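Trainee: Before we start, here is the structure in question, set down as structure tokens.
The values are calculated or read from the model by the stated rules, or taken from the named source; none is laboratory data. Quick caveat: nothing in here was measured; it's all calculated off a predicted structure. So basically every Cβ, Gly included, is an ideal-geometry build from the backbone, and we count neighbours across all protein chains shown. Please note that ligands, DNA and RNA were not included when accessible areas were found on the heavy atoms of the full protein model with its side chains. Shrake-Rupley method; radii C 1.70, N 1.55, O 1.52, S 1.80 Å.
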Amino acid sequence: MKLKKTFKAFETYQNQNGDFENKIVQKSFSDLPEGDLLIKVEYSSLNYKDALSSSGTKGITKFYPHTPGIDASGIVIKSNNNHFRTNDRVIVTGFDLGMNTSGGFAEYIQIPSSWAVRCPDSLSTKDSMMLGTAGLTAGLCIEEIDYHTPIDNLKVIVSGSTGGVGSIAVKLLSLLGAKVTAITGKKNSEQYLYDLGSSKVIHRKKFIDSTRSPLSSGVYHAAVDAVGGNILSSILTSMQYNGIITACGNVAGANFTTSVFPFILRKNRLIGIDSATCSIPIRENIWNKFSTFWRLKNLDHICKVINLSSLNREIKKILCGEQIGRIVVKL
Ligand SMILES: NC(=O)c1ccc[n+]([C@@H]2O[C@H](COP(=O)([O-])OP(=O)(O)OC[C@H]3O[C@@H](n4cnc5c(N)ncnc54)[C@H](OP(=O)(O)O)[C@@H]3O)[C@@H](O)[C@H]2O)c1
């Protein structure tokens, strides 16, 4: 494949007033970081972390100008290693992609091959980005729950349920036979959540008000918490004996309050989930499941496909907690 001299990329930069802004630029291949895999990106997707990077939030990206995008799927153009060959279809999520390494909001990325996973045959590169980091994370939470207790008929509570991680968690849990209670802060999102397979929808404030510290009635067998903060505190009071709580997010805050009682009286287990640096075999297991017996139907119903020029608008929405489902970026 003959490469053009330059390619299109979304770039975050700091203006003269010190504010962070985004624009679309042309980049040269020499602008890309070193790496033994050059990939033509076909699709990327928008995750909460991308919104933090593209708005200059401290502790995410150190150096600007920068191209965010923690997710990318596409075709290998050049490989300097034995594991991947030209034209292989690959998925790259997390590690340093889009953090301090030029990310997936661009027509090309160059990365260490140790970050890439082969895209399963029965998934298209678009399918893989409809799931993206959000799907991988939801999958890791559900794999962890399933490891401890079979999911069929389990009562599972999901927070941030209309967001990326939450929507896929609700959809997958209901496919696997769980009875899902979805917590949401959005009025008028009940139908969306019932369509995903929820059995019950609770408004965020009502849920918090219905719980008390240190223990409320034990209702749920398992939880997928994409939110943290006071929602996680309330979830921890509401689990049955032997409950499994998977914690993966912090949109409501990094700190939460709890006591020892959920742990020493109800034998609950709070398990942290990390999709950014988990190993390649762990990722391959989740992607293979999504391509076979975790295959989710009608994923396109919860995805909006955009191009780079519409990203700014969607970033503002996700930062306000107003995004619903997944934003897929077509390059
Ligand atoms: N650990 C990991 O490896 C990993 C991987 C991916 C993502 N994450 C984290 O998981 C979280 C969700 O990511 P995402 O990409 O799914 O984001 P997202 O699409 O923006 O979803 C977050 C959802 O949380 C709810 N929410 C937003 N602000 C809130 C607030 N102040 N209080 C309570 N709920 C709020 C909203 O849903 P409702 O309106 O329905 O409540 C929102 O749609 C983020 O913190 C992200 O950094 C972690």
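Trainee: Just reorder Asp152, Asp36 by solvent-accessible area, largest first, 1.4 Å probe, all chains present. Mind dumping the intermediate values first?
Mentor: Working: Asp152 105, Asp36 45 Å².
Solvent-accessible surface, decreasing: Asp152, Asp36.
Trainee: Can I ask one more? Of the peptides 199-211, 244-256, how do they stack up when ordered by the mean number of other Cβ atoms within 10 Å, highest first? Present the calculation step by step, with values, prior to reporting the outcome.
Mentor: Working: 199-211: 15.3, 244-256: 19.3.
Output ranking for 199-211, 244-256: 244-256, 199-211.
Trainee: Which percent of the Cα-Cα distances in segment 1-158 go past 29 Å?
Mentor: Working: 2942 of 12403 pairs.
Taking all Cα-Cα pairs of segment 1-158, the fraction more than 29 Å apart is 24 percent.
Trainee: Let me ask something else about it. Taking the chain as a Gaussian network, Cα atoms linked when under 10 Å apart, which of Gly243, Gly229, Gly164 shows the biggest mean-square fluctuation?
Mentor: Gly229
Trainee: What does the accessible area of Tyr194 come to, in Å² to the nearest 10, when a probe of 1.4 Å is used?
Mentor: Approximately 100 Å² for this residue.
Trainee: Rounded to the nearest 0.05, what FRET efficiency do Ser30 and Glu322 give with R0 = 35 Å and r taken as the Cβ-Cβ distance? Could you check?
Mentor: In this case the efficiency is close to 0.35.
Trainee: Find, among the chymotrypsin sites (Phe, Trp or Tyr not before Pro) in segment 1-84, those assigned to loop by DSSP (not H, G, I, E, B) with at most 14 other beta-carbon atoms within 10 angstrom.
Mentor: Values: sites: Phe7, Phe10, Tyr13, Phe20, Phe29, Tyr43, Tyr48, Phe63, Phe84; in loops: Phe63, Phe84.
Those satisfying the criteria are Phe63.
Trainee: If we count every other residue with Cβ under 15 angstrom of Pro262's Cβ, Lys/Arg +1 and Asp/Glu -1, where does the sum land?
Mentor: Details: positive: Arg212, Arg266, Lys267, Arg269; negative: Asp225.
Charge balance near Pro262 sits at +3.
Trainee: Report, to two decimal places, the Cα Rg of segment 223-331 normalised by 2.2 N^0.38 Å (N = number of residues). Write out the running numbers ahead of the final one.
Mentor: Values: Rg = 17.5 Å, N = 109, 2.2 N^0.38 = 13.1 Å.
For segment 223-331, the normalised Cα radius of gyration comes out at 1.34.
Trainee: As a check on your grasp of the helix formula, calculate [θ] at 222 nm for the chain: sum -39500 (n - 2.57) over DSSP H runs of n ≥ 4, divide by the residue count, round to the nearest 500. Each step should come with its number before you reach the end.
Mentor: Details: 9 runs with 89 residues, N = 331.
-8000 deg cm²/dmol, from helical runs alone.
Trainee: So, one more: Choose one of Tyr64, His221, Ile109: the residue whose Cα lies farthest towards the positive end of the charge dipole of the chain (beta-carbon charges +1 Lys, Arg; -1 Asp, Glu; about the Cα centre).
Mentor: Of Tyr64, His221, Ile109, it is His221.
Trainee: Using square roots of five times the C-alpha gyration tensor eigenvalues, list the equivalent-ellipsoid semi-axes of the chain in whole Å, biggest first.
Mentor: Working: eigenvalues 247, 93, 59 Å².
Each semi-axis is √(5λ); the values are 35, 22, 17 Å.
Trainee: Sticking with this structure for a sec: By how many degrees, 0 to 90 and rounded to 10, does the Cα axis of helix 280-291 deviate from the longest principal axis of the chain?
Mentor: Taking the Cα atoms of the chain, the angle to 280-291 is about 80 degrees.
Trainee: Now, a different point. If the chain between His301 and Asn285 were fully stretched, how many nm would it gain, using 0.36 nm times the residue separation less the Cα-Cα distance? Don't jump to the answer; show the numbers that get you there.
Mentor: Values: separation 16, 0.36 × 16 = 5.76 nm, distance 2.50 nm.
Taking 0.36 nm per residue and subtracting the Cα distance, the gain is 3.3 nm.
Trainee: Can you give the charge dipole size of the chain about its Cα centre, rounded to the nearest 20 debye, using +1 on the beta carbon of Lys and Arg and -1 on the beta carbon of Asp and Glu?
Mentor: 540
Trainee: Find the all-direction average of the projected area of the Cα convex hull for segment 11-79, expressing the result in square nanometres with one decimal place. If you can, show how the numbers build up before the last one.
Mentor: Numbers: hull surface 21.3 nm².
Mean orientational projected area (segment 11-79, Cα hull): 5.3 nm².
Trainee: How far apart, in nm, are the 7 Å Cα→Cβ label points at Ile264 and His148?
Mentor: 1.9
Trainee: Let me ask something additional. Residue by residue, what Karplus-based ³J(HN,Hα) values in Hz, rounded to whole numbers, does segment 146-156 have, using 6.51, -1.76 and 1.60 with θ = phi - 60° and x for Gly and Pro?
Mentor: Once θ is set to phi - 60°, the couplings for segment 146-156 become 4, 5, 8, 7, x, 7, 3, 6, 6, 8, 10 Hz.
Trainee: Name the most mobile residue of Arg283, Arg313, Arg295, meaning the one with the largest mean-square fluctuation, in a Gaussian network model of the chain with Cα contacts below 10 Å.
Mentor: Arg313
Trainee: Compute the angle between helix 164-175 and the longest alpha-carbon principal axis of the chain, please, reported from 0 to 90 degrees and rounded to the nearest 10.
Mentor: 60
Trainee: Another question, if that's okay. Using a Gaussian network model of the chain with C-alpha springs under 10 Å, which one of Gly98, Gly177, Gly132 is most mobile by mean-square fluctuation?
Mentor: Of the options given, Gly177 has the highest mean-square fluctuation.
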